[in-house]
1. Which whole-Hz ³J(HN,Hα) couplings does the range 240-251 yield from phi under the Karplus relation 6.51 cos²θ - 1.76 cosθ + 1.60, θ = phi - 60°, glycine and proline marked x?
2. Using just the helices of the chain, give the 222 nm mean residue ellipticity in deg cm²/dmol: DSSP H runs with n ≥ 4 each add -39,500 (n - 2.57), and the total is spread over all residues, rounded to 500.
3. Where in the chain lies the longest segment free of trypsin sites (Lys or Arg not before Pro) that are both loop residues by DSSP (not H, G, I, E, B) and have at most 15 other Cβ atoms within 10 Å?
4. Can you bin the range 1-109 into rounded, prolate or oblate? Criterion: square roots of the alpha carbon gyration tensor eigenvalues sorted a ≥ b ≥ c, rounded for a/c under 1.5, prolate for a/b above b/c, oblate for the rest.
5. Report the gain in length on full extension from H205 to E8: 0.36 nm times residue separation, minus Cα-Cα distance, nm rounded to one decimal.
6. Run the simple label-point estimate for K59 and T161 please: 7 Å along Cα→C-beta, distance reported in nm.
7. What does the net charge come to around P121 if you take all other residues with beta carbon closer than 14 Å to its beta carbon, with K and R at +1 and D and E at -1?
8. Any aspartates and glutamates with Cα under 18 Å of the K224 Cα? List them, leaving off those in the same chain fewer than 8 positions away.
Amino acid sequence: AVADRTLELVRVRAVANEKYAKEWLEFGITRKLCKRPVMIIPYGGTQHAMRQYIMDYVKEQIEAGQEYPFDDGRKNIDAFYPSGWLAKLVRQSIDEIIVSARKAMDWIQECARIYAQNGYPMIWTTPSDFICQMNYPKYDKKQIRTVLDGSIYTYQDERETGLINQRRVTQGASPNFIHSLDAAHMMLTVLKANTLGVEDFQMIHDSYGTQAHNLPLLSRTLRKEFHTMYQQNHLGGLREQLQSYGPDLPPPPDFGDLDINGVLKSQFFFC
C-alpha cells in the first residue's frame, strides 16, 4: 500500500516535470524499495535512515544489472540526492497509510518525554517477567588538557549530573519498548517449544532456528505464542505500570481493526 501511494505521488510530480520524478518511474517504485523504510517506523525510524535504505536498494539493483537513470551530477553513483527526494514521498505515504503505528510511536515518545521532564526513568515488566529500566543519564562534559612526558594530551571527562537526557529518552522509548516485546516473544517461544521437546535453538532477535525436523513445531509455536501474547493491551499495560510510580499520562491510542488471528495462518510471519 505504501509503495502504491508513493508511486501515485511520484506520477503527479512527473506530470509537473519535477526533477527525479520521471527517472524514479523508469527505475521502479517497488514493494522491496519501500519495505525497510516501513519496517523502521515503530522503531523511531527517521527520514535520514529511509534515504540510506533507498540508496542501498539502488546500489543492489545496479549491481544486479539495472541501469542507473539519474543525472545527479555526482561522480559516485550513490543516488544520494534522488534518494533524499524519494524518501520525503515515502515518509508522506507512510504517514497517510500506517496511521496506527505512528500514533503508537508518538504516544510512547510522549510518555517518555513527560517522565524525563519530571525526573523519572521508564520502568516496565515484559510478558516474560523481565524488568526493563530505560534511563539515559545526562552528562556534564569537560575537556581536560594535561602534560604527559613532555607532550600535551586532551581528553574529555564525563560525569553524570543526576538528570535524565530528555532527547535520548524520547528518541529511544518506542524502539526500546518494542524490542523488549520482541525479546519477550522469543523467550516465551523458546520456553514453550522446550516443553514440547525442542532442545536446540539458534535465535537472533527475530530470526528463529532449530534442527530441520523440529522446524514445523517451532513455526507453529512462535505463531501461537505471538497470538497469545498480543491478546493483551500492551500500551494500556505500559501506562498502568508507569503511573504506579510516576505522573499521570494521556490514554494510549485506540485499537484498530487488525485481526490478530491472521498471524496463525501467515506463511511469512517470521523467518
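The values are calculated or read from the model by the stated rules, or taken from the named source; none is laboratory data. Just so we're clear, the structure is a prediction, and the values are computed from it rather than from any experiment. As a convention, Cβ positions derive from the backbone with ideal geometry for all residues, glycine included, and neighbour counts pool all protein chains shown. Side chains included, ligands, DNA and RNA excluded: accessible areas come from the protein's heavy atoms. Shrake-Rupley method; radii C 1.70, N 1.55, O 1.52, S 1.80 Å.
1. After applying 6.51 cos²θ - 1.76 cosθ + 1.60, I find 4, 5, 5, 6, 5, 9, x, x, 5, 10, x, x Hz.
2. Details: 9 runs with 139 residues, N = 271.
Calculated at 222 nm, the ellipticity per residue is -17000 deg cm²/dmol.
3. Numbers: sites that count: K19, R74, K75.
Counting at most 15 other Cβ atoms within 10 Å as exposed, the longest clean stretch of the chain is 76-271.
4. Details: a/c = 2.12, a/b = 1.59, b/c = 1.33.
Note, shape of the range 1-109 comes out prolate.
5. Between H205 and E8, full extension yields 67.4 nm more.
6. In this crude spin-label approximation the distance works out to 3.7 nm.
7. Working: positive: R113, K138, R168; negative: E160.
Summing Lys and Arg as +1 and Asp and Glu as -1 gives +2.
8. Result set, ordered by chain and number: D182, D206, D259.
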